[in-house]
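Colleague: Okay, here's the structure, questions in a sec.
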Amino acid sequence: MKNLGNLEACLIITLLVVGCCCIRIKPKQLTTTSRRIRWSFDLYGDTYSTPTTAAINNQYVTVQPERNGWLHALKTTDGTLLWSTKLTSFPQSSKGAYCNSQPSCDRNCNTLIVCNQVSAQVFGINATNGQWIWTRALDTARSIISSSAEVHNGIAYVGLDLNEKNEPGNVPLRGSIYALDVSNGEVIWKFQTVPNNHYGGAVRSSLVVDENLQTLFAFVGHNTIVPNRVLQCSDADISQAQSCQDPDNYAGSIIALDLYDGTLKWTRRVMNNYWKNQNHLIDSSQIVSLSSTTIGMECFSDGEFCVLDRETGSMAWRSKVFRNSGKANIFSDVNTAAAYYVYKTSDLACVRGHIGAIEKTSGRLLWKTCAAVTPQSVIELPGNNTILTIAADGIMSVDASSGVLASKRLIVGRANMMTACPDGTILSDICSNSARNKKICLYDVDIIPNAQRNAVAPPTTHIVHPALNNEGIVVFVPDVLTVRVGDTISWTRIHRHFIYQAVDADSLQELNGGVNSAPKGPATFNVTITRQMLPRGKNELYFRCGVHSTMIVKAIVFGSPNKHTQTGTQCPYSGDTSSVFNMRYFIDELPIPKVATPFRTLHNVHEYRINITDFYHSFHSDIPPVLVRGYGSQYPGPTIVNYRYVKTRVHWENKLLANSTFMNVETIPAGLTTNRIVTHLHGHDSDQHSDGLPEDTVDPGETFTTNYDNEQPPCFLWYHDHSLGNTRSQVYAGLAGIYLIKEPALESRLNLPEGEYDIPLFLQDKIIAKTADGSYIQYYPYEWQMTFYGQIVIVNGRVWPYKQVKTRKYRLRILNGCNQRFLRLRFSNNMTFTIIASDQGYHSQPVYNVDQVVLSPAERVEILVDFCDYAGEDIILLNDAPTPYPYGSKVDPCHQGRLMEFVVDENDGDESTCAMWDEQVHLHEAPVHAINSLMPSDAIKTRDVVLIQDFQISDMPVQGTRFPNGTIKHFMYEDPPTEIVKAGSTEIWRIFNFAPETHPIHTHTSAFKVLHRQKFNATLLKENGKNLQLIGPATMPDVFETGPKDVVQAPPSEVTTVLVKFARKVGTFLWHCHIAEHEDNMMMRPLVLA
């Protein structure tokens, strides 16, 4: 290329011959610091190579040349040949030995399982010396094996493919799956994929083993030779039936088999017989493990991706991620939030193919980068947030979060294969820049850590220039431009027919028109990036030069300067990376917890089965998934939607491992196991057997069944673990979810937002810590601590998410699910909102023009927010509650102080939805709790209880009673009950708090009305409260406390007076502090309803 002076950073893109344009950008974010060949190994003249690895004590690498049938074991440190073995028992056969499957290890890696493709043989190889232990020929020599074996618990699973035409006199070809004993090669079971009167059923895809479900997953392809013998199915047929007319024909389906006996569990049709109406059939799509609960593959027609539930085979989602025809391979690790794919065929945006990432939970395209890739492999480099893939001219590295390409190829040359070794090195057949490689090389590869390359430049001007090759022809190379809202791009146009356009990355539709500053000839003009250019819910767009051009430049757009400013504090913008947590702000969309589905409904009872397991969950797309404990394999747990007077039964199944040490903490009393569970439905008028009392725990393998009559008025409740001594760690780990009671017939009159405009916000604080090995964990201390606070607040299981909202009203149901942190919530633009409901349901009247609300742990509030006047704004939900509350330390405004962002659309909303609240909300017609209408005169008794935190009495917060004679006495959890009330009665409770912090007090099976608070002389000497004196006038409750409650804040040195309505239930229940650390250590007392 000619010397272009100061144009060395020019972005170059290939365009049509008639003209072009170019963007100048800053240097790339990814940098390779070394590419040293540690050793190389000659493949004995073999033309092609397929290097593969097997983890043999992390000391050996096995290499298989495709064509000559040898298997070599090499020492990883220096490439020394340890042993070689020939993988065929037919050395003189014309079949030869074509081996392209990866060796698999047994549990201790004493035996390698290797497949010879053309002879349909499976070998058991001694991993120490390469000697054959056994060999097994599957079916006839006319069959082939094209997938690797999967080994699990001493069993090798192998899929059988097809290779020859059906000729007269031959046995029809049918695919099958074998389970072989690793020790001797004996067949344990065989599953035939098509019936005897059909052809096809080839198993060419990878096999996936699920140890928890004891299930083997496989994709059954079609016979590419005799398509007339395979069933024809339309796309509509597949949507309605799993296998069209023949229930025994599994061709085109994913099947789930029992690991140990091969019985069929389920089948799901995911392919048409014909691919794009051609005379061949899809037969080689790969299944990938997306998460612990889902699997996926390319499906139906070209460019679609389907994700299935592992347990049932039901379709979780189906997404069109590729626009044009062409083959894509998809790669995924269960511990990542995204699945990566390489797409070799051109489309409208990328003429030479591209690499991309899709969100596992929804199929949403996260990013796409134009690159000339080959669909052999994608691997991830642990700890670097980097993926590697094979390009036409070498191996390239890509930022896993954004799709930004490295400025140089990691390894230059023609590659057929690459793989990552356990020590972080890369094994590849690139040992020279040659099309035909005869060596295998091990590379040391160092990439600058992610933390050093996430910085975003300040607002600037990006210059656009043409670039010339050695022949003087204008050429371009694809790349990525990083900009902010408010940045200016200076474009140089070198042909009058080519103009600037911003287009949607998915649809390629024009977003904001073209720019053409001169009628003809070269021209220079400026374009400023605005938020209006961005498609909804995205932080990227594409530029193209010319209306008909197909070459597009990707631009990653970060948030606007001068936004999100808090009083006295300037926090980073949207898309910037936190300097503390290495996670970007507001780049992940707010997830909405899935709604649970009853497995049956009989006699007006909806019945659910919800399991409790440990699994990996993505808190943020910038970090790997983290181990959590939750309900229904989701975090937070599934929302259970109920209807008033319709009963609910839930089977809470403890599927935890008995020997699991996850979230192992000190219990009080000591010695309890931490894998016990019992679920409490907070705020529900449950009977004693379904209340989830701390002693009613069940061990792993057992089930706790609860029955709920749901006779309460509509309300926003939540369920969580209530195990004795370790509630704090279980809820912190993720054992919590939302429970709603609705009454549609009456609530429909209230004109409240519904559906997508009714949003739950489940708030919890966390410490997510990075370990020495680069993984991430939820940190919680083993020893009991009186105070514990997380460093960041998550919303619906995500750190700093955003929510795209329209210019209209929304209903937000907010739950403080923190262990101990109080939340004082407000919006960054100081807009007001309306409160319509509290813990136990609707207020009698709306509370208008509220600018903040304080929630203690377990409190809920439902608010109406009007975004009508804030089109185009980014509004952050803030928290500034001190810890401990109310007199503790200030929060970090840029971390615990920022919860999520609302991104308001530019377009105007429906004027009818933006009417005044008092014209729209009719809470006087709402079904409300009986406590709303009760008065103090309805109480049959006034009862005094106390909260004590005095180290002369106890080294922990405790509860107690103030007796009629004024004497105060504290009690432990196991002491006999002192609060014995009449079921269905109403009492006044006066809660005296002698502790230095506010305690949230919760009584089971009851509802509060907060009456007032008053200060008192809090001097407590040896529990003598006879001289206790009230000070000053009583104060009324805050506006957010005027509705029906089941948690009340008891401030220090004050007596909080509440009216309590107890349910008509008989039995022993609880009243306790809802700071989880406190209730785990004796701040909990029995409550008897007699």
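Colleague: Using the alpha-carbon centroid of each, what span in Å lies between segment 849-901 and segment 1048-1066?
Modeller: 25 Å
Colleague: Got a number for carbon plus sulfur as a percent of segment 972-1090's accessible area, 1.4 Å probe?
Modeller: Heavy-atom surface of segment 972-1090 belonging to carbon and sulfur, 1.4 Å probe: 57 percent.
Colleague: Hey, can you grab everything whose amide H is under 5 Å from the amide H of Met418? Only 5+ residues off in sequence or another chain; H modelled, so Pro and N-termini drop out.
Modeller: Close amide H contacts, sequence-distant or interchain: none at all.
Colleague: Placing +1 at every Lys and Arg Cβ and -1 at every Asp and Glu Cβ, with all other atoms neutral, what dipole size does segment 751-793 have around its Cα centre, in debye to the nearest 20?
Modeller: About 260 debye.
Colleague: Still on this structure: Given the Cα-Cα distance of Ile777 and Tyr645 and 0.36 nm per residue of separation, how much length would full extension add, in nm?
Modeller: Result for the pair: 43.3 nm of gain on full extension.
Colleague: So, one more: So for segment 767-918, averaging the separation of alpha carbon pairs under 8 Å that are six or more residues apart and normalising by length, what relative contact order in percent results?
Modeller: Relative contact order for segment 767-918 comes out at 29 percent.
Colleague: When a/c reaches 1.5 or more, the comparison of a/b and b/c decides; with that in mind, is segment 771-814 rounded, prolate or oblate per its Cα gyration tensor?
Modeller: oblate
Colleague: Here is a further query. Hey, how many Å between the Cα centroid of segment 629-644 and the Cα centroid of segment 777-829?
Modeller: 18 Å
Colleague: Evaluate E = 1/(1 + (r/R0)^6) for Val187 and Thr312, where r is the Cβ-Cβ distance and R0 equals 35 Å; express this FRET efficiency to the nearest 0.05.
Modeller: Efficiency, rounded to the nearest 0.05: 0.75.
Colleague: Looking at the square roots a ≥ b ≥ c of the eigenvalues of the Cα gyration tensor of segment 665-780, which shape do they give, rounded for a/c under 1.5, prolate if a/b is larger than b/c, or oblate?
Modeller: oblate
Colleague: Please give the contour-minus-distance gain from Asn129 to Val605: 0.36 nm per residue of separation, less the Cα-Cα distance, rounded to one decimal in nm.
Modeller: Fully extending the segment from Asn129 to Val605 adds 165.0 nm.
Colleague: Please work out, to two decimal places, the log10 of the ratio I(q)/I(0) at q = 0.13, 0.21, 0.26 Å⁻¹ from a Debye calculation in which every Cα of segment 777-858 carries one identical scatterer.
Modeller: -0.57, -1.24, -1.58
Colleague: Mind checking the full-extension length gain between Asp42 and Lys890? Use 0.36 nm per residue of separation minus the Cα-Cα distance, one decimal, nm.
Modeller: Answer, rounded to one decimal: 298.8 nm.
Colleague: Amide H to amide H under 5 Å from Trp39: which residues, 5+ apart in sequence or cross-chain, H placed 1.01 Å off N in plane?
Modeller: Under 5 Å from the amide H of Trp39 lie the amide H atoms of Leu442, each far enough along the sequence or on another chain.
Colleague: How much accessible surface does Leu934 have with a 1.4 Å probe, in Å² rounded to 10?
Modeller: Its accessible surface works out to 30 Å², give or take rounding.
Colleague: Would you mind computing, in nm to one decimal, how far apart the modelled labels at Ser748 and Ala670 are, each placed 7 Å from Cα along Cα→Cβ?
Modeller: Roughly 6.1 nm, to one decimal.
Colleague: Once you put a point 7 Å from the Cα of Ala1090 and another 7 Å from the Cα of Ser660, both along the Cβ direction, what distance in nm separates them?
Modeller: If labels sit at Ala1090 and Ser660, their model points lie 4.2 nm apart.
Colleague: Hey, what do the phi angles of segment 776-788 turn into as Karplus ³J(HN,Hα) couplings, whole Hz, using 6.51/-1.76/1.60 and θ = phi - 60°, x for Gly and Pro?
Modeller: 10, 9, 7, 8, 8, x, 5, 6, 5, 10, 5, 10, 8
Colleague: Can you list residues from other chains, or at least 5 along the same chain, whose modelled amide H is less than 5 Å from the amide H of Asp892?
Modeller: Here Gly897 satisfy the definition.
The values are calculated or read from the model by the stated rules, or taken from the named source; none is laboratory data. Bear in mind that the values here come from a model prediction, so they are computed numbers and not experimental data. Don't worry about glycine lacking a Cβ; one is built from the backbone with ideal geometry, like all the others, and counts go over all protein chains shown. Surface areas here come from the heavy atoms of the whole protein model, side chains and all, with no ligands, DNA or RNA. Shrake-Rupley method; radii C 1.70, N 1.55, O 1.52, S 1.80 Å.
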